[in-house]
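Coordinate-derived values only; no laboratory data. Predicted, not measured: the structure shown is a model, and the values here were computed from it. Here the Cβ positions follow ideal geometry from the backbone for every residue, glycine too, while neighbour counts run over all protein chains shown.
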Amino acid sequence: MSWKIKALKKSVWVFHVNTGACNNCDIEIVNLLTPKFDVERFGIKLVGSPRHADALLVTGVGTRQAARRLQEVYRQTPKPCAVFCMGACACGMGIFEGAYHVAGPVDHIVKEVDPNALIAYVPGCPPKPQAMISGVVKALAAIG
Amino acid sequence: MTQRPIRDRISEIADKLIRVEQPRPNRMMLLCEACNSFEVNRFLFSELGLRFVIVTGIDAEDSFEILYHYSNDHTGCLATVKAFIRDRENPAIESVTPLIPGAEWIEREVHDILGIDFVHHPNLKRLILHDDWPQGVYPLRKEVRT
Amino acid sequence: MKQTLKKPILAVGPFHPLQEEMEFYQLTIEGEKVVDIDVRLSYNHRGIEKLSETLQFDQVPFLVSRVCGICSASHPLAYIQAVEEIAGITPPDRAMYVRVIINELERIHSHLLWVGLGGHFIGYDTVFMWAWKYREPVLDLLEEITGNRNNYGNVKVGGCREDIPDELIPKINVELDGIEKKTEMLTKAVLDDPVLHARLKGVGVLSKANAVAYAVTGPTARGSGLGIDVRRDDPYAAYGDLDWKVIVQPEGDVFAKAVVRLLETLESVKIIREALKKLPKGPVAVEVREIPPGEGCGHAEAPRGETFHYVRSDGGNRPVRHKIRAPSYVNVPSFKASCIGQDIADVTLTLAAVDPCYSCTERLAVVDSRRHPIADHEMLLRLSREKTARLIKEMDPPPFKLEDC
């Protein structure tokens with residue numbers, strides 16, 4: 001089933017993955033569920049397992065220890081799926097570039113497993129919830 | 001236990017110290033050799049009842065310095081034991097974890113990042129470096145570049 | 001013949017929906033009780049202390065702001081205080097007050113965040129939605145003052161980067177009135193609710209002796225009868241000039257820690273109001289030319305407890321050594337003492353009561369599990385919420401009500 005049809009037929013279920021983040025992006029993601037932003041009105045739902053997810057919201061630089069776990073999560077997520085790199089760290093390591101325990105950025109880690117992975121980038125430190133919603137919605141439209 | 005000023009009782013371990021430095025009224029540094037560090041730590045934690053804060057390990061070129069930071073919450077003084085490990089080939093110091101359970105993690109961390117052996121540590125296994133990090137590479141040593 | 005009982009291992013992590021970061025606790029259980037815990041860190045370790053040695057003194061605050069998102073005012077402040085100690089710098093009075101205001105605003109939104117998560121863990125999702133809704137005005141205020149909802153980047157060696165404009169002060173006071181009213185309502189609802197008493201009292205007790213042995217700080221310590229608070233014990237910024245209380249509860253259980261955080265939120269409102277009233281005129285920074293050789297220690301009371309930074313300088317423009325100790329680094333290990341003997345349904349709540357900020361410890365992360373998990377990690381959330389549902393059924397209490405505005 002193509003992404004466009006899938007996205008139209010049902011809401012997008014997302015699984016949140018922290019690969020070594022400072023928490024800010026993660027909290028802003030959880031903020032998306034709260035009354036002020038309320039992403040459920042767009043049909044976006046946070047699920048508790050990658051096996052139920054259509055998309056991964058990935059935060060963090062991709063530490064060496066987290067890299068393999070991220071790849072494992074990606075493998076477990078049914079395809080097609082989209083990977084959203086949320087925040088400066090996930091997009092390109094941000095301020096942590098050069099640190100000895102980072103293996104990222106996230107897109108490199110995912111592409112090791114799937115060179116054709118569908119990856120979208122939402123920069124910011126952290127991206128505001130409005131930016132996250134805008135990024136996810138735009139990416140879904142573009143993918144279709 | 002109400003924490004009294006350290007200087008009231010410092011004479012009790014004066015023979016274990018190289019010297020005492022007091023750069024400002026509420027900051028104190030107790031310098032000692034590694035072989036005496038356990039006794040000095042025991043004095044601050046058990047005798048004086050200071051609160052353990054953390055351990056800093058430093059690669060100081062000609063030695064390793066292991067700094068044990070304590071807080072005297074009653075007086076607002078931060079006291080640091082600065083222990084010198086002179087043997088750079090086999091750096092070792094007695095663990096304070098049997099005395100202070102809260103020191104377990106940080107001694108494991110310093111072991112990971114500087115390669116210091118904490119003798120009598122109950123659980124000195126890898127803590128913060130990832131599973132495949134090469135043995136013998138200690139990231140906080142000066143020879144390791146970022 | 002001695003029979004060895006097989007002890008099932010329950011793995012919590014690495015991606016646990018209750019906890020935002022990855023952490024791996026290997027819990028050994030017998031029946032329904034936890035008998036042992038092992039923890040492995042590494043997932044969040046980035047190597048920040050080493051990275052700090054490559055940055056100049058005035059660049060480091062931006063790095064350490066990102067050690068942890070909800071202590072992103074406390075970490076740079078503790079670092080900067082260490083550097084100011086080395087250089088003998090005293091920032092202007094106005095800067096000291098601005099530092100207090102920003103740090104207390106952070107404390108408010110951090111404690112409300114925790115209350116929300118705590119509610120979610122036990123199935124009180126109204127509390128989660130409500131607490132996080134009423135955090136938002138605080139984040140908006142921080143954005144108006146500093147330019148960012150988080151990662152404020154507002155402190156620098158010698159003072160602050162941004163001032164609080166006088167015309168914003170009436171708006172801050174109005175928002176504070178709203179937050180105070182809401183927090184009072186929530187506090188009363190929590191203190192009066194019989195189900196919360198039954199669910200949280202006696203759970204995850206950390207004794208005072210263990211609080212000392214594990215060297216815990218913050219609400220984790222104050223909820224176990226240990227009356228320590230850096231703001232009072234070694235006053236920094238303008239805390240020494242302001243009138244406020246250190247909140248202590250003796251019981252050491254999750255309920256006590258919740259009460260400490262709620263009452264501290266109300267104290268923070270008082271502190272900010274007084275600081276705004278007393279805010280002196282003048283500049284918010286002094287010029288800093290160089291940092292001489294020396295060592296400095298800086299500590300600040302983050303929402304989770306004492307954040308401690310040690311800095312060594314050799315007279316150059318970068319730190320020779322920078323040690324970062326976040327409060328969770330000492331608080332989370334105490335989980336071992338407070339969790340042994342607990343029901344597995346209470347394990348994640350006990351851990352959450354420490355308000356772990358894994359990023360702070362950088363590596364509070366997951367360990368290598370030698371055995372396969374015997375239960376799905378979602379099961380623990382379900383167990384926790386089922387326990388609350390059982391209590392509600394048994395007790396048939398009046399409904400837990402929170403007014404909305």
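Can you tell me how the protein assembly as shown classifies by the Cα gyration tensor, rounded, prolate or oblate, using a/c under 1.5 as the rounded cut? Taking the square roots of the gyration eigenvalues as a ≥ b ≥ c, the protein assembly as shown is rounded. For peptide B:54-61, compute the average count of partner chain beta-carbon atoms within 10 Å of each residue's beta-carbon. That average works out to 5. Working note: 222 nm ellipticity from helices only, DSSP H runs with n ≥ 4, each -39,500 (n - 2.57), summed and divided by the residues of chain C, gives -14000 deg cm²/dmol to the nearest 500. Across peptide C:289-298, the mean count of Cβ atoms from other chains lying within 10 Å of each residue's own Cβ comes to 3.
Cross-link partners of A:LYS45 among aspartates and glutamates, defined as those whose alpha carbon lies under 14 angstrom from its own and excluding same-chain residues fewer than eight positions apart: A:ASP54.
Mean per-residue shielding of peptide C:127-135 is 3, counting Cβ atoms of other chains within 10 Å of each Cβ.
Legend: residue pairs C:LYS156/C:LYS277; C:LYS182/C:LYS387; C:LYS245/C:LYS270, Cα-Cα distance threshold 20 Å; pairs beyond threshold, C:LYS156/C:LYS277; C:LYS182/C:LYS387. Helix-only arithmetic for chain A: the sum of -39500 (n - 2.57) across DSSP H runs with n ≥ 4, divided by the residue total, places the mean residue ellipticity at 222 nm at -11000 deg cm²/dmol.
Inter-part distance, the stretch A:46-121 to the stretch C:187-205, computed on C-alpha centroids, equals 39 Å. Each Cα pair under 8 Å and six or more residues apart adds its sequence gap; the mean of these over the residue count of the stretch C:57-330 is a relative contact order of 29 percent.
Dipole magnitude for chain A: about 480 debye, using +1 per Lys or Arg Cβ and -1 per Asp or Glu Cβ, origin at the Cα centre.
Relative contact order, whole percent, for chain B stands at 20, derived from Cα pairs under 8 Å and 6 or more residues apart. When each of B:CYS77, A:CYS22 is scored by the number of other beta-carbon atoms lying within 10 Å, the sequence from fewest to most is B:CYS77, A:CYS22. Centre-to-centre separation between the Cα atoms of the stretch C:321-352 and those of the stretch C:44-91: 24 Å.
If one computes the Cα centroid of the stretch B:24-56 and of the stretch A:10-24, what distance in Å separates the two points? Between the Cα centre of the stretch B:24-56 and that of the stretch A:10-24, the gap is 43 Å.
Within the stretch C:222-267, the trypsin sites (Lys or Arg not before Pro) that combine a DSSP coil assignment with at most 14 other C-beta atoms in a 10 angstrom radius are C:LYS245.
Mean sequence separation of contacting Cα pairs (under 8 Å, at least six apart), scaled by the length of chain A, corresponds to a relative contact order of 27 percent.
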